[in-house]
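Data first, discussion second: the structure below is written as structure tokens.
The values are calculated or read from the model by the stated rules, or taken from the named source; none is laboratory data. A quick note: this is a predicted structure, and the numbers were derived from the prediction, not measured. Positions of Cβ are backbone-derived with ideal geometry, glycine not excepted, and every protein chain shown enters the neighbour counts. Just the protein is used for accessible areas: all its heavy atoms, side chains included, with ligands, DNA and RNA removed. Shrake-Rupley method; radii C 1.70, N 1.55, O 1.52, S 1.80 Å.
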Amino acid sequence: MKPGRLVTGFLLLVITLAAVAPISAQQNHTLEWGVEVGEEFTYVLQRKLIDAAWEQNMNNLIPFLAYLDEGQKILASVEELYAIPTEIDSSNLPTSNWTLVRENDSVIISTGISGLAFPIGDWDALGEAFNVTGIAGMTLIDTNEEWGTILSGPLEGSSGIEIYHEQRYEKENGTQVYLRWIISYAGNRLVDIVFVQWHLGIPTVLPAELEITTILLVGLGIAIAIIVGVLVYKKAKSRKSMMQKLGE
């Protein structure tokens, strides 16, 4: 099976994994929307590193990705807020629709997109609906300001492919503030996407990060340099000592 097909299957699994996990619907919740129709938020694609073999998979997963370059901003406005179900689980979550407009030329790049906000007021209920603690490789993020999940681990059925997916939402209004996808093979990143909610002072482009293989090579070079330096020092010291003896 080709790597691209493997990733497609895994990426779909990330989205639907909670739906197949054995959980019970949450009935006694106090969820409510923290945003209003027409409200607008600014986002920026801080990093866009995609190997050509994985480009179509990522465009399928994040439809607006193909229309954004690294460093570009989009304006996301709330188009519609659906009623919050009395009972919620991973297959019956509250949803909202958003319209995305590219900031630099005002081109509409997506309509009816969902996933940019969750209702607020009962994050425990959402955590239970997603069965976060019951999914292997998934970690819950739950601070005073943010709620989210991290899913990481090897890609099942592949050899050496690792997946990392992180999403965080602001508890004050429920909007997504951070999204990251990393797909790596043998320590080399094939995909690295960072999409964040932008505010004044936040960088539009992130500096490049050293890959594991590069770090190892640099570390090896430093170690070799240290060893050579020690040997040269010892040899020079030994020679000096001999010259001192001859001078006596």
In this structure, does Ala83 turn out to be of a type in the set (A, V, I, L, M, F, W, C) and either crowded, with 16+ Cβ neighbours inside 10 Å or in a helix (DSSP H, G or I) (or both)? no
Return a yes/no flag: does the range 191-200 have any residue that is modelled with pLDDT under 95 and either closer than 22 Å to Pro154 by Cβ or surrounded by 15 or more Cβ atoms within 10 Å (Cβ to Cβ) (or both). no
With the checklist (1) of a type outside the set (Val, Ile, Thr); (2) modelled with pLDDT of 85 or more; (3) loosely packed, with under 10 Cβ neighbours inside 10 Å in hand, flag the one item Gln244 doesn't pass. (2)
Quick one: count up the residues across the range 48-76 that are under 11 Å from Asp192 (Cβ atoms), open to solvent by 20 Å² or more (accessible area, probe 1.4 Å) and not in a loop (DSSP other than H, G, I, E, B). 3
Counting only residues in the range 116-136 that are open to solvent by less than 40 Å² (accessible area, probe 1.4 Å) and part of a loop (DSSP other than H, G, I, E, B), the one farthest from Thr175 (Cα to Cα) is identified as Ile135
In the set Tyr185, Tyr169, which member is aromatic (Phe, Trp, Tyr) and at pLDDT below 95? Tyr185
From the set of residues in the range 86-109 that are crowded, with 17+ Cβ neighbours inside 10 Å and hydroxyl-bearing (Ser, Thr, Tyr), which is modelled with the highest pLDDT? Thr99
Complete set of residues in the range 148-182 that are open to solvent by 30 Å² or more (accessible area, probe 1.4 Å), more than 21 Å from Val44 (Cβ to Cβ) and hydroxyl-bearing (Ser, Thr, Tyr): Ser152, Ser158, Ser159
